[in-house]
Structures are given as C-alpha cells and as structure tokens.
Amino acid sequence: MLRNIKITLRCMIKIYLDRFEAKLEEDLLRLCTSYKMLNGTLLSSEDIDAHWQTLAPEYMADAVPQIADYPTVSVAWAAYLGLAVAYGWDTDWKLCLETPYTSYYGADGFDDMDEHIVYDLLGLLRDGYEAEQLEKVIRHCGECTVSAIRHEHIEPQSTMAFHVFSRACKVMFRIGAALELKRLGYKFDKVNVSQ
C-alpha cells in the first residue's frame with residue numbers, strides 16, 4: 001500500500017513538473033516571438049537538448065548559490081549557455097561535445113559567462129544592436145521565469161524548489177538555443193511527404 005502511494009506521488013510530481021515546464025516554455029516562446037527574436041516555433045535539436053543533461057550538473061552547482069542575491073542571473077545564464085551550445089552544434093559539434101563546461105566562463109568565471117559567450121564566442125559587437133537585443137530578451141525571459149517560479153509558492157530550499165528551478169533552467173537553455181538557431185538562419189519548413 002505504501003509503495004503504491006509513493007509511486008502515485010512520484011507520478012503526480014512528474015506531471016506537475018512537466019506542466020510547469022511546458023507552460024513556462026510556451027510563455028517564453030510567446031515573449032521571444034513578441035520581440036521578433038523567434039517566429040512562434042521553438043527551434044530545437046535532440047543533440048542540443050541532450051547536451052543540457054551533460055552540462056546541467058555543473059551549471060546548477062554555479063547557479064543555485066546565485067538564487068538569493070541574483071535570481072534572474074541564476075536562470076538567465078542557462079539561456080546564454082544554450083546560445084553557446086547551439087553555436088557549437090552549427091560550427092563543430094564534435095568539438096562542442098568535448099568542450100568542458102568551464103570554457104564557457106568569462107574572465108570572472110560564471111559571473112561574466114554572458115559577455116564571454118556573446119562577444120568572444122558568438123563574435124557579436126559590444127554595444128551592437130544584435131547583442132543589445134539578445135541581452136534584453138534574455139533578461140526579460142529570466143525575469144518572467146523567476147516570476148513563474150515565485151508564483152508556484154513552493155517552500156524555498158526544498159527538494160521541490162530545486163526541481164522547479166532545474167526545469168526552469170532547462171527551459172531557459174532551450175530558449176537560448178532556439179534564439180541562436182534562428183540567428184544562424186535555421187527554420188522549420190513544412191514538407192509534403194505525400195508526394
């Protein structure tokens with residue numbers, strides 16, 4: 001009986017987390033589309049999505065201590081990591097897979113990962129329009145994500161809080177990857193397979 005209750009509880013938690021993740025992704029996709037940074041479709045690749053699982057433990061180790069003082073940064077930097085991985089997927093996927101997580105750090109480590117990725121890796125101009133737009137949309141996505149987490153009214157520093165935060169970072173990573181894939185010119189085209 002107790003085993004069945006535990007299994008049911010685990011299923012309910014998974015359903016809750018899946019719904020939270022899907023709604024957040026939908027909301028952020030809508031936001032990025034309103035900024036004209038995406039076209040209503042979350043561009044993605046199974047390779048890129050799977051690579052989050054490799055990078056997530058180290059990212060979470062960096063991000064979790066930032067939550068109290070820098071909540072937006074704690075989730076937003078996952079989007080920058082998504083930008084970098086999507087860029088690597090396009091340029092040299094084998095090299096990207098071998099690239100250690102810490103290579104995405106800037107001179108100040110995790111703190112300036114965003115600038116290192118945007119300026120040094122992607123090669124965007126400092127104070128350029130493209131970099132400015134990326135910063136604006138990712139900041140806004142981060143703020144919306146923090147707000148969505150807070151609206152869940154989960155006990156801080158609980159196991160559930162960690163899982164919700166983890167799912168939120170995954171969504172931000174996917175959003176960042178989609179932004180970069182669009183910037184690189186990727187798009188989904190409908191194909192008529194009946195011919």
**Request:** Please tell me if Ser74 is within 21 Å of Glu26 (Cβ to Cβ), in a helix (DSSP H, G or I) and at pLDDT 95 or above.
**Result:** no
**Asked** Got a sec? Which of Gly88, Gly142, Gly176 is more than 26 Å from Ala22 (Cβ to Cβ), small (Gly, Ala, Ser) and either free of Cβ contacts under 8 Å to residues at least 60 places away in the same chain or surrounded by 16 or more Cβ atoms within 10 Å (Cβ to Cβ) (or both)?
**Response** Gly88
**Message:** Which of the numbered conditions does Thr41 fail, given that it passes all the others? Conditions: (1) surrounded by 13 or more Cβ atoms within 10 Å (Cβ to Cβ); (2) closer than 14 Å to Arg183 by Cα; (3) more than 13 Å from the chain's Cα centre (by Cα).
**Reply:** (1)
**Complete:** Going through (1) within 23 Å of Thr99 (Cα to Cα); (2) part of a helix (DSSP H, G or I) one by one, Leu43 fails only at (2)
**Request:** State which residue is modelled with the highest pLDDT when the search covers only the range 123-144 and only residues that are part of a loop (DSSP other than H, G, I, E, B) and of a type in the set (D, E, K, R).
**Result:** Arg126
**Request:** Can you confirm whether the range 99-114 contains a residue that is over 21 Å from Ala50 (Cα atoms) and touching a His at 6+ places or on another chain (Cβ under 7 Å)?
**Result:** yes
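The values are calculated or read from the model by the stated rules, or taken from the named source; none is laboratory data. Here the structure is a predicted model, which is why all the values come from computation and not from measurement. Methodologically, a virtual Cβ is constructed for each residue, glycine included, from the backbone with ideal geometry; neighbour enumeration extends over all protein chains shown.
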